[in-house]
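The values are calculated or read from the model by the stated rules, or taken from the named source; none is laboratory data. In this text the structure is predicted, and so the values were computed from the model without any measurement. Counting neighbours? That spans all protein chains shown, and the Cβs are built from the backbone with ideal geometry, glycine included.
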Amino acid sequence: MGIISKLMVLVMFLLFSGCAAMTPDQTRLHLEAEIGRSGDATEHQLSQLCEAYLHLRRYDRLFECCERLENNLRKEYRGIGYSASVPYVLRAQAYIDLGQFEKAIGEAKKGFDIASGEKNHIHIKIAALGLLGSAYALHEDRENAIKVINQLKSPQASTGFIVQKVINIHLTNIYVALKEYQKAIDVIQQDSGIIIPEIDKIYRSFQLNKCFLETGQTNKAKSGYDELLKIPQISDIGGIYWLILFDRGRIAEQEGNLREAVGFYRQAVDVIEQQRSTINTEADKIGFVGDKQSAYHRLISVLYRDGQYATAFEYVERSKSRALVDMLAAKKDFAVRSSDELAIRDLLAENTANEAELSVQDLSLNKSELRSIVIKNRGKLREQSPELASLVCVTSLATAEIQSNIPGDEVLVEYYYAEKDMIAFILSAQGLKAIKLNSDNLADDIQQFRKLLDNPASSGYMESSHRLYARLIQPIESSLGHRNLIIVPHGSLHYLPFNVLHNGKGYLIDHYSIRVLPSASVIKYLTAKKSSQPANILVFGNPDLGDPRYDLVYAQNEAIAVAKTQPLSKVLLRKKATETAFKKYGGGFNYIHFATHGQFNADAPLSSALWLARDAESDGMLTVDKLYSTKLDADLVTLSACETGLGKIANGDDIVGLSRGFLYAGSSSIVASLWKVDDLATSDLMTRFYSTMKTKDKREALRSAQLDTMSKYPHPFYWASFQLTGNAK
């Protein structure tokens, strides 16, 4: 095969994906049948099949296919035009799509090294190098991305016209990822004369107009984007369609046309919400990863400025629902509470498969009928299993419905912020108010406050407490009225113990009784348990974690004392405090109490876990991921010796994941700590809490126990970490 032919294969094979005669799914079906009949597969068949899986976003099958192709090439490579680096390049593309840039870097490096040692595979070498540069840039490793740029621009890289065009495509992607927009424009404008498929023309046009917008050439960007929006099939390319709509909203906002901006932003959000999983970024083709939450942020901001407070509040709820759906996008084995569980699971599986088909970037397909089926199925899922629907597609309640679910003696305060803009929404039976606050350096202030609270010998926390009170409570205090507050935090506010904010005369806990919700919309599902079971507690205390450093002597005493506060309780200590025991007994108790270590993980929220003793059946890690597959019937779950492992104040997904996990599993409410707590003080607080629940509701019992503990241990380190999430009754 001549070098020109190989480069044409590159263009068609690695960059412009797809077979002229068949769609990717037709290719998949044809090859799966062909391979199934023969029981064997050639490199040619496997490479085409792997490419089809990549195009279809069926990553699990892609990785299996790449492994098989890799084995074939390793064992049977006969020098007939197939590079042993192809599986690595395909995996690099997939990992870029998935946003796993470190893995993409590793695969691209291997692919480049292998191709560099082969003859006549300059095309694969360039592809691997280009993907490596994009992965570096998207991973914000500017230094290494620039090194790749220099390699691509070296005289040795280009060996002809077509290779140079391919190099230019990769250079553009890297420049866009580095935000070197003018350099990207220069490359795009010098790159002409090659015939490429229509979908790739759209990608290049998007890149050019994106660069125009970011370099202040707004009129050019506006004109170019409007031309793209006229393309009939543009709505089938979800990965850039919403980005075009979002940027047109930005342009309209810059022009002062708020109503037009709202229209474009709403369309962008509608596209974002069409799919369960994160919309494919096409980052390997456009060098750009769009932040879907930015579309919500701009829309909410403009709606607020336009005085549309109720609509803005609803989009805040939708943004939080989108974040939860994204966090759970890879999960498939949810617990289902329905009399017809099999039907619900079939519906969910069908919808997941249909959504995968919708994500395929193939302009020859008419997706309108499939899109209608997805919408219809989602409607069925919301009707038959609303709580499950909230985990797999964006759902939220109208402002009026949330308002109707707020008890008359409570007021709900929901915070929402991005960049320097923060809005506090105050909702009660009296109506809705929205007040603008300042979120500048908020995460840093909370981080500093938490560090000061961590030293029980210091009073340095008080100044930070006053400052945060002035920022978050004082501007809205005249609108609060009731002494019972429902607080819905956002972002770094999930790490803030609101009850310890101080106005100079007293803490917030001195004046208000507080409960927390992960979003306002969950209030609809928070009904008090009406169990026929007598009050009882399942207690896990001081599990044996195989290391004496993790032993919690007072937690063990706490577990025993807590169990004594209610009849028919069961205490599991040390080696008996296992995950297996939780699965076996958890569904039969009103209260479940964990006096154990645990850790939140901001980077991988589903891996946040409570640490229990391991045994032959389980590893002892009760993760958030497992909670969404669990069925409980508990009125209360208490996490007593937990810690967040705060290396940083992040977006709060770790805390939301844990609380939503227990709520979805079937707990009416959760009491959890925001930092690693003192054993002795916590033992006192918890025994008081359970004893007081005999005469008061959960919120008042917790408040009373914290005030009692404060009288003995005045520093907030000892009493302020606990908060109630969910139902107060």
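So the values come out like this:
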item: Inter-residue pairs, beta-carbon under 7 Å, first over 21 Å from LEU552 (Cβ atoms) and in the same structural domain as SER667 (by TED's automatic domain parsing) and in segment 680-706, second of a type in the set (D, E, K, R) and not in a helix (DSSP H, G or I), 6+ apart; result: ASP697/LYS729; ARG699/ARG515; SER704/LYS696
item: Residue count, segment 42-68 (criterion: at pLDDT below 85 and surrounded by 20 or more Cβ atoms within 10 Å (Cβ to Cβ)); result: 4
item: Flag if ALA135 is of a type in the set (A, V, I, L, M, F, W, C), within 13 Å of ASN173 (Cβ to Cβ), part of a helix (DSSP H, G or I) and in the same structural domain as ASN72 (by TED's automatic domain parsing); result: yes
item: Answer residue from segment 423-432, given it is assigned to a strand (DSSP E or B) and at pLDDT below 95 and is surrounded by the fewest Cβ atoms within 10 Å (Cβ to Cβ) among those; result: GLY431
item: Residue pairs meeting the criteria (Cβ under 7 Å; at least 6 apart or on separate chains; first touching a residue at least 60 places away in the same chain (Cβ under 8 Å), in segment 419-438; second polar (S, T, N, Q) and crowded, with 19+ Cβ neighbours inside 10 Å); result: ASP421/SER301; ASP421/SER439; LEU427/GLN403; LEU432/THR399
item: Any hit, segment 276-292, residues being outside the structural domain of ARG660 (by TED's automatic domain parsing) and either modelled with pLDDT of 95 or more or out of contact with any helix residue (DSSP H, G or I) (no Cβ under 8 Å at 6 or more places or on another chain) (or both); result: yes
item: Subset of segment 690-715 that is among the charged types (D, E, K, R) and part of a helix (DSSP H, G or I) - its residue that is farthest from the chain's Cα centre (by Cα); result: LYS712
item: Breaking point among (1) under 27 Å from SER668 (Cβ atoms); (2) at pLDDT below 85; (3) surrounded by fewer than 20 Cβ atoms within 10 Å (Cβ to Cβ), for ILE560; result: (2)
item: Of all residues making up segment 581-609, the number that are under 18 Å from TYR628 (Cα atoms), without any contact (Cβ under 8 Å) to a residue 60 or more places away in the chain and within 26 Å of the chain's Cα centre (by Cα); result: 9
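Okay, residues lined up against (1) buried (at least 22 other Cβ atoms within 10 Å of the Cβ); (2) outside any helix (DSSP H, G or I); (3) free of Cβ contacts under 8 Å to residues at least 12 places away in the same chain; (4) out of contact with any Leu (no Cβ under 8 Å at 6 or more places or on another chain):
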position	(1), (2), (3), (4)
GLN233	no, no, no, no
ARG259	no, no, no, yes
ALA268	yes, no, no, no
SER294	no, no, no, yes
HIS297	no, no, no, yes
ASP326	no, no, no, yes
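Condition check ((1) among the aliphatic types (A, V, I, L, M); (2) modelled with pLDDT under 95; (3) touching a strand residue (DSSP E or B) at 6+ places or on another chain (Cβ under 6 Å)) across all residues:
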position	(1), (2), (3)
LEU468	yes, no, no
GLU477	no, yes, no
VAL500	yes, no, yes
ASN503	no, yes, no
